[in-house]
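Structure first, then comments.
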Amino acid sequence: MAKKGFRIPLALKLVIAIILGIIVGQIGFLPEIFFQVLKTLSGLFSEFLSFIIPLMIVGLIIPGIAELAEGAGKLLGITVAISYGSTIVAGILAYTVASNLFPMFITSDLANTIQESGEGATALFSIGLEPMFSVTAAIIFAFMLGLGISWLRARGRGESLMAVFTDFGKVIDLTLQTVVIPFLP
């Protein structure tokens with residue numbers, strides 16, 4: 001049996017990356033090109049994330065919904081209601097905390113200083129990778145197609161369409177494991 005090496009959890013990687021970013025930002029003797037390269041890499045990764053998120057929704061939700069049998073529409077409706085309800089509650093809670101807590105430690109002087117500091121380094125280039133469709137369109141498309149495939153499968157059809165989206169989901173999962181998760185910090 002092969003021994004597994006020590007692996008740093010993702011949350012710890014994020015904390016380490018933030019601390020290193022603060023330390024590097026405070027050093028002040030690094031050349032401007034260093035920050036431009038970091039800004040460029042950050043921008044490219046951000047564009048890739050914006051591109052992949054709608055595809056993640058399509059690739060992971062369609063097979064999940066399509067695998068549901070009888071009552072898929074009812075179960076999906078309950079899930080959507082819970083999701084939107086929790087989103088509204090979380091939004092109200094976030095607004096309440098931010099409007100009551102932030103004024104205690106963010107002064108107008110601090111806000112002006114942040115605004116005057118600007119963006120800092122500029123990216124060397126960007127590729128302009130736009131998402132194929134919006135997140136909302138991806139959600140509606142995934143629900144519609146997932147329910148449709150579920151309906152077809154209940155009638156002995158739709159297996160080839162199910163196979164396409166199952167394989168697409170595996171491609172998205174592989175992309176998440178090899179590109180998104182390792183580069184997230």
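On inspection, Arg157 fails the criterion of being among the basic types (Lys, Arg), surrounded by 13 or more Cβ atoms within 10 Å (Cβ to Cβ) and either closer than 12 Å to Ala66 by Cβ or out of contact with any His (no Cβ under 6 Å at 6 or more places or on another chain) (or both). Of all positions in segment 100-119, none carries a residue that is open to solvent by less than 70 Å² (accessible area, probe 1.4 Å), of a type outside the set (A, V, I, L, M) and closer than 15 Å to Ile61 by Cα. Within segment 10-32, restricting attention to residues that are among the hydrophobic types (A, V, I, L, M, F, W, C) and not in a helix (DSSP H, G or I), the residue that is nearest to Thr178 (Cα to Cα) is Leu30.
Annotation note: Cβ proximity below 6 Å between a residue of segment 21-50 that is closer than 19 Å to Gly128 by Cβ and a residue that is modelled with pLDDT of 80 or more and not in a helix (DSSP H, G or I) (sequence gap 6+ or interchain) occurs for Gln36/Leu124; Lys39/Ala123; Thr40/Ala123; Thr40/Leu124; Gly43/Ala123; Gly43/Ser126; Glu47/Leu129; Ser50/Pro131. Does Leu41 satisfy being surrounded by 13 or more Cβ atoms within 10 Å (Cβ to Cβ) and more than 24 Å from the chain's Cα centre (by Cα)? In short, no. Annotation note: of Thr79, Thr166, Thr122, the sole residue that is modelled with pLDDT of 85 or more and either among the polar types (S, T, N, Q) or surrounded by 10 or more Cβ atoms within 10 Å (Cβ to Cβ) (or both) is Thr166.
Kindly establish whether Ile65 is surrounded by 10 or more Cβ atoms within 10 Å (Cβ to Cβ) and in contact with a helix residue (DSSP H, G or I) (Cβ under 6 Å, 6 or more places away or on another chain).
yes
Name the residues in segment 11-20 that are open to solvent by 60 Å² or more (accessible area, probe 1.4 Å) and in contact (Cβ under 8 Å) with a residue 60 or more places away in the chain, would you?
Residues satisfying the conditions are Lys13, Leu14, Ile16.
Pro131 passes every criterion in (1) under 26 Å from Leu41 (Cβ atoms); (2) surrounded by 10 or more Cβ atoms within 10 Å (Cβ to Cβ); (3) modelled with pLDDT under 90 apart from (3).
The values are calculated or read from the model by the stated rules, or taken from the named source; none is laboratory data. Since the structure is predicted, the reported quantities are computational estimates derived from the model, not experimental observations. Here the Cβ is made from the backbone with ideal geometry for all residues, glycine too, and neighbour counts use every protein chain on show. Heavy atoms of the whole protein, side chains included, go into the accessibility calculation; ligands, DNA and RNA do not. Shrake-Rupley method; radii C 1.70, N 1.55, O 1.52, S 1.80 Å.
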